[in-house]
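Trainee: Sharing a structure here in structure tokens format.
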Amino acid sequence: MTGPVPPFAFRIDGMQQDPAKEPRYDPSCNLWVPPKAKGWNVASQHAPALFYCDGQTASRQSATSWSFRGRPYSTYSMYHYSGIFWVVNYDAIRHQVGDGLHNPRDENENDDNDSDPEAEEDDSGDSYSNAEGDDATPLTDWRRLRFDYWGDVSIASVAGAEDRLRVQRNDQAWVRALLPEGYHAERPESQTSELQRGGLIGDLPIIISLLAYSMPETSVPYRLPEMFRNGRWVFQHGGSLDEHGRTDGRGVIVRVWPNPPHSGDNDLRNYEKGDYGKMFD
């Protein structure tokens with residue numbers, strides 16, 4: 001498929017664990033994992049950032065001019081901690097994650113949250129899950145960011161089978177900018193200087209979340225629009241490790257809308273599949 005990237009709108013909200021709540025840890029490695037209980041994931045102090053991409057450039061939008069208030073095409077929540085990205089395919093502030101239990105033995109913790117989450121919907125039109133395809137079923141717990149492979153191209157998703165990029169080139173500044181080292185291609189045969197190899201596509205809210213994590217939260221409204229130029233995502237500051245925004249416990253929620261009649265869900269799905277080219281080359 002050729003032609004410009006389909007237009008879309010997106011919203012980025014900051015998220016964090018309620019600091020008054022007990023942290024949750026993975027007993028297998030004693031690392032922090034995000035909360036499952038409703039009300040334990042809360043909004044950060046920063047206002048939501050609103051953007052519109054016309055297929056060639058991206059621009060920041062004001063709340064008064066924002067017209068995308070119906071059901072999003074897709075909604076994902078993501079946390080970063082200790083070089084790991086945790087993801088669910090819905091809004092983790094508005095909805096509990098899975099059974100909502102902080103620990104498996106805490107059977108009475110969420111007694112006031114017994115409503116069917118599949119039926120939940122608020123005035124934003126954001127139902128419990130807006131994910132498509134293999135990710136359509138709401139996840140029952142936070143899942144690590146993973147990848148599938150399409151030739152040499154890596155596909156970012158929550159349903160992937162691989163921990164790392166398939167291939168990476170020395171000239172790809174976006175690798176260090178978007179991803180901690182644990183996600184980089186590891187095997188010697190996965191390192192290449194061949195310009196046609198490597199690249200990244202995947203679920204659009206995940207890609208946008210990674211872009212948000214490449215900068216401090218306060219910079220997102222101003223710097224992120226500069227990263228989409230001439231129909232392509234680009235990276236500007238070279239991936240300097242002291243400039244990224246991957247602080248432990250920082251969370252984001254990203255919603256994406258098509259812009260009918262200029263684009264629809266199928267157009268965005270094809271964009272995620274790589275039909276319009278690699279999102280990052």
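Values in this text are rule-based calculations from the coordinates and carry no lab data. Note that this is a predicted model, so its numbers are computed, not measured. Note: ideal-geometry Cβ built from the backbone for every residue, glycine included; neighbour counts use all protein chains shown.
Trainee: Between residue 44 and residue 194, how high is the FRET efficiency from 1/(1 + (r/R0)^6) when r is the Cβ-Cβ distance and R₀ = 35 Å? Nearest 0.05.
Mentor: Once the sixth-power term is evaluated, E becomes 0.30.
Trainee: What distance in nm lies between label points placed 7 Å from Cα along the C-beta direction at residue 57 and residue 273?
Mentor: 3.2
Trainee: Per residue of the stretch 156-168, what does 6.51 cos²θ - 1.76 cosθ + 1.60 with θ = phi - 60° give for ³J(HN,Hα)? Whole Hz please, x for Gly and Pro, Karplus curve as stated.
Mentor: 7, 6, 9, 9, x, 10, 10, 8, 10, 4, 6, 9, 9
Trainee: Tell me, what is the FRET efficiency for residue 31 and residue 170 to the nearest 0.05, using R0 = 30 angstrom and their Cβ-Cβ distance as r? Show your work: numbers first, answer last.
Mentor: On the way: r = 31 Å, r/R0 = 1.02.
E between residue 31 and residue 170, to the nearest 0.05, is 0.45.
Trainee: Can you tell me how much longer the chain between residue 262 and residue 22 gets when fully stretched, taken as 0.36 nm per residue apart minus their C-alpha distance, in nm with one decimal?
Mentor: Contour length minus Cα-Cα distance gives 81.8 nm.
Trainee: Collect residues whose amide H, placed 1.01 Å from N in the peptide plane, falls under 5 Å from the amide H of residue 139; neighbours closer than 5 in sequence don't count.
Mentor: 89
Trainee: In whole Hz and in residue order, list the ³J(HN,Hα) couplings for the stretch 61-72 that follow from phi through the Karplus curve 6.51 cos²θ - 1.76 cosθ + 1.60, θ = phi - 60°; x for Gly and Pro.
Mentor: Per-residue couplings from phi come out as 10, 8, 5, 6, 9, 6, 10, 9, 10, x, 5, x Hz.
Trainee: May I ask you to evaluate 6.51 cos²θ - 1.76 cosθ + 1.60, the Karplus curve with θ = phi - 60°, for each residue of the stretch 246-253 and list the ³J(HN,Hα) values in order in whole Hz, giving x for glycine and proline?
Mentor: Going residue by residue, I get 7, 7, 5, x, 6, x, 9, 10 Hz, with x marking Gly and Pro.
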